[in-house]
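Scroll down for the structure; my scribbles are underneath it.
The values are calculated or read from the model by the stated rules, or taken from the named source; none is laboratory data. These numbers were taken from a predicted model, which means no experiment stands behind them. In this analysis, Cβ positions are derived from the backbone assuming ideal geometry, glycine residues included, and neighbour counts consider all displayed protein chains. Please note that ligands, DNA and RNA were not included when accessible areas were found on the heavy atoms of the full protein model with its side chains. Shrake-Rupley method; radii C 1.70, N 1.55, O 1.52, S 1.80 Å.
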Amino acid sequence: MLENIILGLLMEQPMSGYDMKKTIDHSVGIFYRASFGSLYPALKRLETKRWVSVSAELDHSKNKKLYTLLPEGKATFLAWLAEPIQLSRSELLLKVFFFDYLDEDTRQQRLSEYQMRLGQEIGRLKATSGIVAGELKEVPNPENYYYRVSVLSYGLDYFLMEQKWIQAIKERKDLNDDRNEQEPPK
């Protein structure tokens with residue numbers, strides 16, 4: 001996954017590893033975390049596959065490596081992007097599935113902790129949404145960023161849905177009550 005993220009970022013422009021990490025944190029960081037410890041080995045693998053090239057750039061008297069997407073890397077990225085979308089799995093769902101093995105206090109504590117982190121993430125996404133809305137007013141063709149902005153909207157909706165669900169299971173609500181109202185059209 002990280003290699004595809006890197007290739008996607010390099011579709012925009014050449015970047016340093018530091019700039020990629022910053023961009024990941026402020027964009028796809030909503031749903032994917034990357035450390036420098038995973039980023040640089042992935043860059044090395046991409047370089048070995050000849051999907052990216054690396055050059056040294058002088059930046060404030062420091063040598064900085066600048067990574068550039070090569071044609072084979074672009075083709076690989078576009079082929080991956082065109083593949084059918086896979087359903088993803090979630091550690092949250094896996095753990096909650098087995099929560100019956102925990103005592104009630106531990107369950108409630110873990111759910112409350114998760115709910116608190118969700119609240120923080122929701123706040124961060126709302127703030128980011130405001131910033132993005134302002135930035136889109138300044139760019140010549142904001143419609144070119146539709147799908148990127150849609151991911152931000154999805155992230156916010158997803159975390160709000162998770163927050164609602166966590167609250168429902170904390171209160172042990174009957175989760176089937178709303179099912180009939182929410183059935184998708186056939």
Restricting attention to segment 81-89, does a residue exist that is part of a helix (DSSP H, G or I), over 30 Å from A127 (Cα atoms), more than 20 Å from the chain's Cα centre (by Cα) and not basic (K, R)?
no
What do you reckon, is D19 among the charged types (D, E, K, R) and within 17 Å of the chain's Cα centre (by Cα)?
yes
Hey, among the residues in segment 47-67 that are of a type in the set (V, I, T) and modelled with pLDDT of 95 or more, which one's farthest from G17 (Cα to Cα)?
T48
Hey, any hits in segment 84-96 for a residue that's over 29 Å from V149 (Cβ atoms) and either open to solvent by 50 Å² or more (accessible area, probe 1.4 Å) or of a type in the set (G, A, S) (or both)?
yes
If we ask which residues in segment 1-16 are without any contact (Cβ under 8 Å) to a residue 40 or more places away in the chain and either in a helix (DSSP H, G or I) or in contact with a Leu (Cβ under 8 Å, 6 or more places away or on another chain) (or both), their number turns out to be 3
Those residues that are over 30 Å from E121 (Cβ atoms), in a helix (DSSP H, G or I) and open to solvent by less than 80 Å² (accessible area, probe 1.4 Å), I need them from segment 17-56; list them, please.
E47
Given (1) within 21 Å of the chain's Cα centre (by Cα); (2) closer than 28 Å to T128 by Cβ, where does Y67 come up short, assuming only one miss?
(1)
Matching residues in segment 97-135 - criterion: being open to solvent by 80 Å² or more (accessible area, probe 1.4 Å) and over 23 Å from the mean Cα position of the chain (by Cα):
F97, F98, D100, Y101, D103, D105, Q109
